[in-house]
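What follows is calculated from the coordinates using simple rules that are stated; it is not laboratory data. This structure is a prediction, so every number in the text was calculated from the model and none was measured. Cβ coordinates were reconstructed from backbone atoms using ideal geometry, including for glycine residues, and neighbour counts include every protein chain displayed.
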Amino acid sequence: MNITKKMKNIPSKKIVLVALVYIFFSNAIPFVKDIIEGDSLMHLLHEGVIAFLCIIAIYIVWRETAISNRYTQDLQQTNKTYSKQIKIFKNELFKVLEIQFEQWHLSKSEQEVALLLLKGLSLEEISQIRGTKEKTIRQQASTIYQKSNLKGRHELSAYFLEDLF
């Protein structure tokens, strides 16, 4: 792995933090030495201000990194919870669809076409997925609408989604 790939794995805030710590110590050690040697007040003030600003910058970057990490962890936890809820909802919805498809006496291939229609796929896309002619899918869709007493794909979708909102 080359250095560029390694650098991409290191967040930029951490690089800035390391740089600031390096600058701080590069300045703090000579600062202490200058105090011991009794350098001019102006020179000590200059180095002291640099050290003080480094400490403030280190704190700000560290705090922002900590907040960002907490936010990322919270977001990941929320995503896990949401994914679990969606999976449960999806399973329950699929059960409802299966029951209704059976009540309409749809064949297995009509059930598959109905699911793909509900997902919003075009007749052409469904024919490609199922490896059949578009005319066959059109006929199956027509049969689905007849058996369900619905007028088309919009009513099919509304039949299942209407009560959810």
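Before moving on, here are some points about what is shown:
- This model, with +1 at the C-beta of Lys and Arg and -1 at the C-beta of Asp and Glu, gives segment 24-138 a dipole about its Cα centre of some 840 debye.
- Placing a label point 7 Å from the Cα of Lys80 along the Cα-to-Cβ direction, the residues of segment 36-71 with a backbone N closer than 17 Å are 69-71.
- Each residue of segment 126-134 is assigned a 3J(HN,Hα), and the resulting list reads 5, 5, 5, 5, 8, x, 10, 6, 4 Hz, derived from the Karplus form 6.51 cos²θ - 1.76 cosθ + 1.60 (θ = phi - 60°), x at Gly and Pro.
- Gaussian network model of the chain, springs between alpha carbon atoms under 10 Å - residue of Asn149, Asn79, Asn91 with greatest fluctuation: Asn149
- The magnitude of the dipole of segment 83-155, with charges of +1 and -1 set on the Cβ of Lys/Arg and Asp/Glu and taken from the Cα centre, is near 100 debye.
- Hz values of 3J(HN,Hα) by residue in segment 90-105 - Karplus curve (6.51, -1.76, 1.60), Gly and Pro given as x: 4, 4, 5, 5, 4, 4, 4, 4, 4, 4, 5, 4, 5, 5, 7, 6
- Simple Cβ-charge dipole of segment 11-85, Lys/Arg +1 and Asp/Glu -1, about Cα centre, in debye nearest 20: 720
- Each of Ser148, Ala158, Cys54 was scored by the projection of its Cα onto the charge dipole of the chain, and the greatest displacement toward the positive side belongs to Ser148; charges sit on the C-beta of Lys, Arg, Asp and Glu.
- Think of the chain as having a plus end and a minus end, set by charges on the Cβ of Lys, Arg, Asp and Glu; of Gln111, Ser68, Asn27, Gln111 sits farthest toward the positive end of this dipole.
- Taking every alpha-carbon pair within segment 104-165, the share separated by more than 18 Å comes to 28 percent.
- Mean sequence separation of contacting Cα pairs (under 8 Å, at least six apart), scaled by the length of segment 104-165, corresponds to a relative contact order of 34 percent.
- Taking segment 11-85 and dividing mean pair separation by its residue count, relative contact order in percent (alpha carbons under 8 Å, at least six apart): 40
- 3J(HN,Hα) couplings calculated from phi for segment 142-158 with the Karplus curve 6.51 cos²θ - 1.76 cosθ + 1.60 (θ = phi - 60°) are, in sequence order, 4, 5, 4, 5, 5, 5, 8, 6, 10, 8, x, 5, 5, 5, 4, 5, 4 Hz; Gly and Pro show x.
- Among the listed pairs Lys80/Lys151; Lys119/Lys147; Lys95/Lys133; Lys14/Lys84, those beyond 31 Å (Cα-Cα): Lys80/Lys151; Lys14/Lys84
- Among Gln76, Gln139, Gln111, residue whose mean-square fluctuation peaks in a GNM of the chain (springs only between Cα atoms under 10 Å): Gln139
- Per residue, the convex hull spanned by the Cα atoms of the chain amounts to 209 cubic angstrom.
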